[in-house]
Structures are given as structure tokens and as C-alpha cells.
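The values are calculated or read from the model by the stated rules, or taken from the named source; none is laboratory data. In this text, all values refer to a predicted model and were calculated from it rather than measured experimentally. Positions of Cβ are generated from backbone atoms using ideal geometry, with glycine treated the same way; all protein chains shown enter the neighbour counts.
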Amino acid sequence: MPGNKYPRGLLALLGIYLALIVAITAWNAQPYVAKLAFLDTKESYYNLLVQSLRAGHLDLNKQAPPGLAKLSDPYDPALNAPYIVDVFDLSYYKGKFYLYFGITPALVLFWPYAALTGHYLPDKAALIIFFTVGIAAAADLLLAIWRRYAPQANIWLAVTAWFVLSLAVALTLWCNVYEVVLISGFAFVMLALAALWRAWHQPRHRAMWLALASLAYGLAIGSRPSLLFGGVILVMPVIQAWREAKDQASYRQAGWLLAAAVGPIMLIGIGLMFYNDLRFGSPFEFGWRYQLNMIYEPTTARQFSLHYLWFNLRYYFLEPIRWHSQYPYFQKPAMTAVPSGYSVVQVMLGDPYNDLLTGHVLILLVLAVPLIWRGRPNDEVSFLRWFVTAVGLQFVICALTICSFFSASDRYEFDFLPAWLLLGLMGILGLERALATLPVVRNVARCFLFLMLAGSAAFNILANVEPHAEANSITGDNLLFQEDVDGAVARYRKALAIWPHCADAFRGLGNAFLKTGEIDDAIDQYQRALQINPKDVEALNNLGNCFLQKGRLDDAMAEYQKALEINPNSPEARGNLGFCLLQTGRVDEAIVQYQKAIELKPDFAGGYNNLGNAFRLKGMPAQAIAAYQKALKIQPQFIQPQMHLAWMLAAWPDPAIRNGAEAVALAQNADQLSGDTDPQVLRTLAAAYAEAGRFPDAVLTAKKALALADSQSNTILINYLQEEIGLYEKNSPCRSAEN
């Protein structure tokens, strides 16, 4: 049986399947975290770590903004947002950045690649390499089990099942740093299982294979510390050898096996503890509690607890599919009965269809695994039973570990899903073997299995329509942020071609049209987005902005109020509502809205600028000046508060407020920032020159502003400037609280 040859063409088919999976992974996998999506390859986190390691230090090769150290709590997202635009989800400790993700990918792939090629490896390439290694190891195990224990089975069916299950997993992959480290862990677990198989089935080299399994599992832990407890499977060959030992030589051999099983993984564990201690002063701290991201819980949360177990078990295994009449026919489940202390952020960001029993129905065939050895002598299948027990134990331990975590995500499933899928493939072999003497029943079962395969493939394709569309929409957001409007629009339209009900893509198109001044088209796109998702606060807020530009003040206020009904903590909506109130003369109400906005967002420079405007109209110069100065402290290159503050220092009626020299400095800086082309800024500069006694400069500057205002047909500004030029020609400064 062990020498059973592969059917002709099987390896060719396996190669074709593998190439298809790799191609689909390369096509499908996209970044989805906006702040990480467009990092240069050299700036990707693992390549930064490689640069640091090559330079002889453990902190990342990236300078931490000094302002972080001055914050009362640098881990508070409400405070650190201005400082983590390009360092999202790094660890910050004693003024330096560190990577809290496992070090294994850097050591085994990113660093060797950089050393050999002189170039840096993209995250997507690393993801594909690790995933290919993992599924290839699974295929190797499948073929080995078939050849030795189930040659009666239809290997073509089993290999096709392997392809469908691997494809289903590939369709869920993204390509940020998170997935790289997860798939690294998956690859090394599968390699460890493959080595364990050989440790049982190649007795002459058992110690060597067990040491390789230990090394591989240690590297898996170096990727994902949550895999730690699953490492207990390494001692199972030792336990078997100890139980079967009959003399001193046998016990001595079991001792050598124990050394092989625990030696490599223990050395790796000591290395990881030393690595952590050098970075964070604790051998057990990987940097998780020092994260800089939008989730504040890591610094205070209880990471693992049985308190979360039942909720996560339901999320991963028992959450039923919500069918929908609208393509792609599924909808996200509602999050109910969330335990206290639990973070739903990752759940909300994850795959909306998390019922593994529905998405991978073939894994139910784990129940058929015992059919492989049914009716055979114990000595023939002893090793197989031990191996199946090891795979099952690794699944159970890792699943319980992940289900005890304070949050959930579809990507966390990679800690336990591969082992379960491998058992499912073994179940197919067991079922085939059991029905070998019943050809009619076997053919019916095969037809049913093919239907299950087709259904699983269809389900996973449809289940990934929405995430794939949203990934294109996120890419569009990133392109729009980089001012690539055409590229962004193309991505949004691609998202809608994949899924016509992608509200985020409609909103993105609205944002693109708003940026290019196509207000009517922007309004249409925002309204489409809101038809799909009436609670989209950003769309409501931006729709209000469109109405504001169209002069429809009442409609704008209505949209801002809708946004605040949904999310009273939206600083943008409060700021915009305050602006509308200010335009209607309701200054006191505007001040209230602006103050609430900056309470919600302390770094809201625009909110401070608008608050200054409200105080200025209210005749409260000291408060207005303080607000403008706060805006400039947050955003020193902000033109508007510089201009308003310069005007007050140049033209405010109270001489105690005026300061000509400071007004000139502010106005000149604002003019430089505006490219010397803004007539309103030039008007302010002219007033500052007049206050400083530089009337010829004031006249020349005001006339330049007048020419620009005339070219823009700005009648109101033209009238102001004509009057002010007359003052300056008479060596008289301007006195006005408004500008």
C-alpha cells in the first residue's frame, strides 16, 4: 500500500489547481486598512523591521513624532490621531515604535529576500508565498494518507475537495500586515503537521522529523503567540513511544524523542521572551498593550477570559446565515448579547458571513474520519489514529484559545480552521474507503459530495462579493485622499460593478464629485448612498455640504441634524451645523455647536477657527483671538485663522487689540501659503500694512487684491476694497470688526 503510485495526470492536475489558487489569491487579495494601503514597499512594517534588524536595533526604522510623548495618554485615539497617520497599529514605547506582530515573517522571508535580491518584498508576495506553502503541505498530507491508508478512495475527488476548500479560504484573504503574519502561522502549523506525520511513519528518522516539527511549530508561535498551547501535540509521539517502551533502550529512545520534541520550540520560546524583554522590559509582552490605533481597549482590556467563550463560539460556528432577496443574497448578522468588556470593532470589520458550518460544509465530514481505520487491525492504523488525534487536539486547543479572546475576526480563524479542513479531507477518504464495496451507494455519495463542493464554492464566491466591492471602495478612498480623482472614480465604479448596492462606493463617488465641484452629481450619489444606508453619517454630512454650496441653507441644516440624530458625537456635523447657524445670525447657538465639536475632537483646527469667527461676530475679541491661536497651534499652516487673526490685529476698533507688526507677519505668511493669489488674504495684508504705517504697500496690495476680486466677479469684495483703497491713499488705516 505505501508504494501505491499516483494515477497518471494527478500531479499535473494538482499543479494546475495550485496555480489557479495562487492566481486567484493574487487577484483577490487587496489591502483594506486605509492607513496601510498605500505604504511604499520599503515602508511596509516588516520591511521596516528588516531595516532595523540589519542596523542592529529592535525599534522600527521610523522616527516617532515628538508630540506623542507630550500627550497625557499617547494611546488614546482621541489624542493621538494627528500623529499616527502613517504609523497606524504600531506599538509605541518610551518614545520609539515597535512591531507587535510576530517576528517570524521578517526572519524567514522578508530579511532573506532583501539580503539576496537587494529589494524589499511586498506584503502581497509574502502572503502568496506563505499561503502556497500551507496549502501545498495540506495536499502533501492528503496524498500521503491516501497512499498509505485509503488507496481505494477516489483521489481525484479528494484533490478537487482540497482545491475547493483552499479556494474558499483564498477568497477571504486580504493583504495587510495582519494577514501576512496569520498566514505565516498557518504555513508553519501545516509544515509542523507534515513533519509530525513523517515522525510517525518514518521510524528510522523519527527524532529528526520530530525536531523539524518542533522547529516549524516554534516558528508558527513566533508568528502567532495564540498558537502556543497547540504545541502540546509535539509530545504525542513521545507519549506513544513511552507507552510502548519495553526495555531501557526503548526508554532511552523516548528520552531522545522528548528532547527533539521540546528542544527547538523551547529555544525559540526563550528567544521570543528575550526579544520581548529587550523591547518592552517584560518577556511576556509582545507590544499588544502599547498599540496606536482606533481601538483603545488594548491598554485596559482583559484579553482572554472564559467570559467571552460562548459568544465567540456562536460567532465562529453557530451564527446562522441571514438570507436576503437582494444580490448577493446574504446580509450581515446583528450583534446581540455582546458580553461586557468585549470589543465589537473587529467583528464589524470582519467577514459578515462567519458560520463555518455553512461556508465550509465539507468540514462536517470530520465525522467520517474513523472510517479510514474501521475494520482494520490496530497495529496497521495506530500511527494514523495518533496523527488524527494530534490534528484534532490542535484544532480544539487553538479554537478554544481564540474563542476566549475579547474580540473576533474572520482572519483569526486561521489559527484553527486549517486543521479542521484537513480532518474534513481525511473524512472524504474515510467515506470513500467505507463505500468501496458498495458501488451504487458510493456513486450516489460522490454525486452528493460534488454538489456539496459546488455549493461551497458558490457560497464562498457570493459571500465575498460584498467584501471585495468594499475593498475596491476603500482603495478608491485612498486614491481620493492622494488627489487621484480619476483613479478613485474608477475604483468606485468597479465596486458598484461587483455589487450594485455598495453604499460606500456611492458615497465615495459623491466625495469625488464634490472635490471636483460637480455638486449636482455629488448630491445624486449621496442620495443613492442614503437610500441604501440611511444612517451613513458621512454621506449625510457631505450632502449637507453640497446643499450649503448650492445656497440651500435650510436643506443643509436638515442633513446635519439628521446626522446628529444618528451620531450625536460627530464633530464634523456639529461644526457644519454651527456654520449654518452662524450664517442665519444665531451666533449663540453656533458657539454652542462649535464648543461641542471641539470637545469631541480636541484637534479640530477647523472647529477652533469657526469658534473664533463666532466670538468675533459676538464682539468677544479675547475669546476669538484665543480660538484662532489654538487652531494655529494644532495646524500651523492653516490659512483661515492666520488671516482672521491678522485682520483683528490690524483693524479691530479697540487699540488694545491691535498690533501692526504681528498682523503683518501673520498676513504675509498666509499670503505665502495661498500662493499670493487669494484676494481676501491680500486685503488682510493691505490692512496690516496700513496699521503698521506702510501705506504705499497697503495701496499696492489692496489694488492687487481688487484686480483679483474683479477677475472673480466678487462684487462684495470689490466694494470693500475700493472703499479701503481710498482710506489708505489718505494715510488712514481700516477699522472694522468684519473681514
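Here A368 meets each of (1) within 27 Å of E179 (Cα to Cα); (2) crowded, with 19+ Cβ neighbours inside 10 Å with one exception, condition (1).
Taking the condition in a helix (DSSP H, G or I) and either out of contact with any strand residue (DSSP E or B) (no Cβ under 7 Å at 6 or more places or on another chain) or of a type in the set (S, T, Y) (or both), does L173 pass? Considered against the rule, which asks whether it is in a helix (DSSP H, G or I) and either out of contact with any strand residue (DSSP E or B) (no Cβ under 7 Å at 6 or more places or on another chain) or of a type in the set (S, T, Y) (or both), L173 comes out as no. Considered as a group, the residues in the stretch 194-225 that are over 19 Å from L258 (Cβ atoms) and under 30 Å from the mean Cα position of the chain (by Cα) include one that is surrounded by the most Cβ atoms within 10 Å (Cβ to Cβ), and that residue is A220. Of the candidates P31, P7, P74, P82, the single residue that is assigned to a helix (DSSP H, G or I) and either assigned by TED's automatic domain parsing to the domain that holds I155 or more than 23 Å from L127 (Cα to Cα) (or both) is P82. With among the hydrophobic types (A, V, I, L, M, F, W, C), outside any loop (DSSP other than H, G, I, E, B) and farther than 30 Å from L727 by Cβ as the only criterion, which of A597, A622 stands out? Exactly one of A597, A622 is among the hydrophobic types (A, V, I, L, M, F, W, C), outside any loop (DSSP other than H, G, I, E, B) and farther than 30 Å from L727 by Cβ, namely A597.
Evaluated against (1) surrounded by fewer than 22 Cβ atoms within 10 Å (Cβ to Cβ); (2) over 30 Å from the mean Cα position of the chain (by Cα); (3) not hydrophobic (A, V, I, L, M, F, W, C), P237 falls short on exactly one condition, (1).
Note on the stretch 475-525: residues that are out of contact with any Cys (no Cβ under 9 Å at 6 or more places or on another chain), among the β-branched types (V, I, T) and within 17 Å of N542 (Cβ to Cβ) total 3. The criterion of at least 2 residues that are among the β-branched types (V, I, T) and either closer than 24 Å to F604 by Cβ or touching an Asp or Glu at 6+ places or on another chain (Cβ under 8 Å) (or both) is met by the following helices (runs of 4 or more DSSP H) wholly inside the stretch 627-736: 679-691. In the stretch 144-163, how many are assigned to a helix (DSSP H, G or I) and either of a type in the set (A, V, I, L, M, F, W, C) or touching a Gly at 6+ places or on another chain (Cβ under 6 Å) (or both)? The number of residues fulfilling the criteria is 11.
Say whether the condition of being surrounded by fewer than 16 Cβ atoms within 10 Å (Cβ to Cβ) and of a type in the set (A, V, I, L, M) is met by at least one residue in the stretch 677-690. It would help to see each step written out before you state the result.
Step one: list which residues in the stretch 677-690 are surrounded by fewer than 16 Cβ atoms within 10 Å (Cβ to Cβ), which gives 677.
After this cut, where a residue has to be of a type in the set (A, V, I, L, M) as well, the list is none.
The answer is no, given that none of the residues of the stretch 677-690 is surrounded by fewer than 16 Cβ atoms within 10 Å (Cβ to Cβ) and of a type in the set (A, V, I, L, M).
When Y100 is tested against (1) more than 30 Å from A158 (Cβ to Cβ); (2) assigned to a helix (DSSP H, G or I); (3) not hydrophobic (A, V, I, L, M, F, W, C), just one condition goes unmet, and that condition is (2). The lone criterion from (1) in a loop (DSSP other than H, G, I, E, B); (2) at pLDDT below 80; (3) surrounded by 14 or more Cβ atoms within 10 Å (Cβ to Cβ) left unmet by Y342 is number (2). Within the stretch 233-249, identify whether any single residue is modelled with pLDDT of 95 or more and under 28 Å from V361 (Cα atoms), and answer yes or no. So far as the stretch 233-249 goes, yes, one or more of its residues are modelled with pLDDT of 95 or more and under 28 Å from V361 (Cα atoms). So which residues in the stretch 608-643 are touching a Ser or Thr at 6+ places or on another chain (Cβ under 8 Å) and surrounded by 20 or more Cβ atoms within 10 Å (Cβ to Cβ)? Of everything in the stretch 608-643, just one residue is touching a Ser or Thr at 6+ places or on another chain (Cβ under 8 Å) and surrounded by 20 or more Cβ atoms within 10 Å (Cβ to Cβ), namely M643.
Can you pull out the residues in the stretch 479-488 that are surrounded by fewer than 20 Cβ atoms within 10 Å (Cβ to Cβ) and in contact with a helix residue (DSSP H, G or I) (Cβ under 8 Å, 6 or more places away or on another chain)? Give the derivation first.
Our first condition is that a residue be surrounded by fewer than 20 Cβ atoms within 10 Å (Cβ to Cβ); within the stretch 479-488, this holds for 481-487.
Scanning the stretch 479-488 gives F481, V485, G487.
Which of the following residues is farther than 30 Å from V465 by Cα, modelled with pLDDT of 95 or more, in contact with a Gly (Cβ under 8 Å, 6 or more places away or on another chain) and in a helix (DSSP H, G or I): L116, L107?
Numbers: L116 fails: in contact with a Gly (Cβ under 8 Å, 6 or more places away or on another chain).
Result of the check over L116, L107: L107.
For the residues K704, K730, the requirement of being free of Cβ contacts under 8 Å to residues at least 12 places away in the same chain, in contact with a helix residue (DSSP H, G or I) (Cβ under 9 Å, 6 or more places away or on another chain) and either among the basic types (K, R) or under 25 Å from P655 (Cα atoms) (or both) singles out K730.
Checked against the criterion of being surrounded by fewer than 18 Cβ atoms within 10 Å (Cβ to Cβ) and either more than 30 Å from F450 (Cα to Cα) or modelled with pLDDT of 90 or more (or both), the candidates W323, W310, W373 yield just one match: W310. Annotation for the stretch 498-509: no member residue is surrounded by fewer than 20 Cβ atoms within 10 Å (Cβ to Cβ) and either closer than 21 Å to G606 by Cα or modelled with pLDDT under 90 (or both). Any residue in the stretch 71-79 that is in contact (Cβ under 8 Å) with a residue 24 or more places away in the chain and under 19 Å from L39 (Cα atoms)? No: the stretch 71-79 contains no residue that is in contact (Cβ under 8 Å) with a residue 24 or more places away in the chain and under 19 Å from L39 (Cα atoms).
Being touching a residue at least 40 places away in the same chain (Cβ under 8 Å) and either outside the structural domain of N293 (by TED's automatic domain parsing) or in contact with a strand residue (DSSP E or B) (Cβ under 9 Å, 6 or more places away or on another chain) (or both) is the filter here, so list the residues in the stretch 50-67 that pass it. Listed by number, the residues that qualify are L58, D59.
Condition check for A187 on (1) small (G, A, S); (2) over 24 Å from the mean Cα position of the chain (by Cα); (3) crowded, with 20+ Cβ neighbours inside 10 Å: one failure, at (2). Confirm whether S456 is closer than 19 Å to F513 by Cα and either assigned by TED's automatic domain parsing to the domain that holds A170 or at pLDDT 85 or above (or both). It is false that S456 is closer than 19 Å to F513 by Cα and either assigned by TED's automatic domain parsing to the domain that holds A170 or at pLDDT 85 or above (or both).
Please specify each residue of the stretch 533-548 satisfying the condition of being more than 15 Å from A512 (Cβ to Cβ) and either assigned to a helix (DSSP H, G or I) or of a type in the set (S, T, N, Q) (or both). Even if it seems obvious, please write down each step before you answer.
If we filter the stretch 533-548 for residues that are more than 15 Å from A512 (Cβ to Cβ), which is where we start, we get 533-537, 540-541, 544, 547-548.
Hits for the stretch 533-548 are N533, V537, L540, N541, G544, F547, L548.
Out of the residues in the stretch 454-471 that are over 16 Å from Y327 (Cβ atoms) and crowded, with 21+ Cβ neighbours inside 10 Å, which is nearest to the chain's Cα centre (by Cα)? Taking the candidates together, the pick is A471. Among residues that are among the hydrophobic types (A, V, I, L, M, F, W, C), touching a residue at least 12 places away in the same chain (Cβ under 8 Å) and not assigned by TED's automatic domain parsing to the domain that holds Y728, A614 is included.
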